[in-house]
Structure formats: structure tokens, C-alpha cells
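Written below as C-alpha cells is the structure these notes are about.
What follows is calculated from the coordinates using simple rules that are stated; it is not laboratory data. No experiment lies behind these values; they were computed from the predicted model shown. No Cβ is skipped: glycine too gets one built from the backbone with ideal geometry, and neighbour counts run over all protein chains shown.
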């Protein structure tokens with residue numbers, strides 16, 4: 001009888017241990033599944049960070065090209081302005097000569113018209129260069145905005161990655 005009771009008690013204890021082992025195995029399996037999910041999320045976030053880095057490099061190169069073009073337009077504009085000053089000086093000299101030399105008026109008119117045409121060409125070039133400069137500045141501003149957005153995305157993804165790494169570390173500590 002005692003042996004029967006002891007056998008029942010041992011059987012109950014064995015079933016209890018088996019139940020606990022089953023529960024523990026289930027918990028381990030759930031934790032492993034969660035770890036796999038978190039690792040997949042981390043990989044996805046790392047891919048997003050890499051993509052954002054690539055986009056940032058692309059935007060930076062575009063911004064560099066836009067700045068170089070803007071600098072080139074500014075140089076062209078400075079040259080046109082310098083040419084305009086020279087042309088204005090020439091035009092003033094022609095006007096002085098035309099009053100001094102009434103007999104050479106036709107020649108002075110031809111020279112004045114020539115210089116006036118050059119001034120108009122210079123004005124047209126200045127206008128074109130100014131338009132190109134304004135477009136380059138607008139492109140530069142747009143690229144700076146895109147760069148800021150990319151940087152914000154990178155920071156956001158970096159924060160998510162850090163949070164995921166902390167979660168992995170926490171899960172690994174628990175496991």
C-alpha cells in the first residue's frame with residue numbers, strides 16, 4: 001500500500017516535472033522565434049540605413065555638382081559684369097570723341113551703335129547668367145532640403161537599430 005501511494009506520488013511528481021519541462025521548452029521556442037523576428041527586423045533596418053546612406057551620398061554629389069555649377073555661373077556673371085564696365089567706359093569715350101569731332105560723326109555713330117550692340121549682348125548674357133544662377137540656387141536649396149530629410153531618416157533608422165539591438169541584448173540576457 002505504501003509502495004502504491006509512493007508510486008502515485010512519484011508519478012504525480014514526474015508528470016509535474018514533465019509539464020514544467022514542456023512549459024520551459026515552449027517558452028524557449030517562443031523566445032527563439034522572437035529572437036529570429038528581431039534579427040530580421042534589425043537586418044531590415046540595417047538595409048534601410050544602408051539605402052539612406054547611399055541616398056545621402058547621391059544627394060551630396062548632386063549638391064556638390066549644383067554648387068560647382070553655381071560657382072561657374074557666378075564666375076561667368078562676374079566676367080560679364082566686368083565686360084559691361086569696360087563697354088560702358090568705351091561708350092563714354094566714344095561720346096566724348098563724338099562731341100569733339102563733329103566731322104567724324106558718322107564714324108562715331110557707327111562705333112556707338114557697335115558698342116551699344118555689345119552692351120545689349122552683354123545685358124542679354126547677364127540676364128541669361130542671372131537666370132541660370134537663380135536656377136542653380138533653387139536646385140541647391142532643394143538638394144539641401146533632400147539632404148536634411150535623408151539625414152533625419154538616417155538618424156531615425158539609427159535610433160530604431162539601437163532600440164532593436166538593445167532588445168536583442170535583453171532577449172539574449174533572458175535566454
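Per the Kirkwood definition applied to all pairs of different Cα atoms, how many angstroms is the hydrodynamic radius of the range 8-53?
13.3 Å
Angle, helix 2-100 long axis vs. longest principal axis of the chain, Cα atoms, 0 to 90°, nearest 10?
Value to nearest ten degrees: 0.
Can you tell me the length gained on complete extension of the stretch residue 118 to residue 89, counting 0.36 nm per residue apart and subtracting the Cα distance?
On the way: separation 29, 0.36 × 29 = 10.44 nm, distance 1.24 nm.
Contour length minus the Cα-Cα distance gives 9.2 nm.
May I ask you to derive the relative contact order of the range 1-153, considering only C-alpha pairs under 8 Å and at least 6 residues apart, and to give it as an integer percent? List each step's numbers first, then the result.
Numbers: 63 pairs, mean separation 54.5, N = 153.
That works out to 36 percent.
Note down the nm distance, to one decimal, between modelled labels 7 Å out along Cα→Cβ at residue 58 and at residue 131.
In this crude spin-label approximation the distance works out to 3.0 nm.
Suppose only helical runs count, i.e. DSSP H with n ≥ 4. What mean residue ellipticity at 222 nm does that imply for the chain under -39500 (n - 2.57) per run, divided by all residues and rounded to the nearest 500 deg cm²/dmol?
Working: 2 runs with 169 residues, N = 175.
Taken over the chain, the calculation gives -37000 deg cm²/dmol.
If you build a Gaussian network model of the chain, linking Cα atoms that sit under 10 Å apart, which residue out of 13, 85, 57 swings the most?
13
List residues of the range 28-62, by number, whose backbone nitrogen lies under 19 Å from a label position 7 Å along Cα→C-beta of residue 158.
In the range 28-62, the label zone of residue 158 (backbone N under 19 Å from the point 7 Å along Cα→Cβ) covers 42-61.
Can you pull the three principal axis extents for the Cα set of the chain, in Å, largest first?
For the chain, the Cα extents along the three principal axes come out at 150, 17, 14 Å.
Return the single residue from 132, 69, 20 with maximal mean-square fluctuation; model: Gaussian network over the chain, springs between Cα atoms under 10 Å.
So, out of 132, 69, 20, the one fluctuating most is 20.
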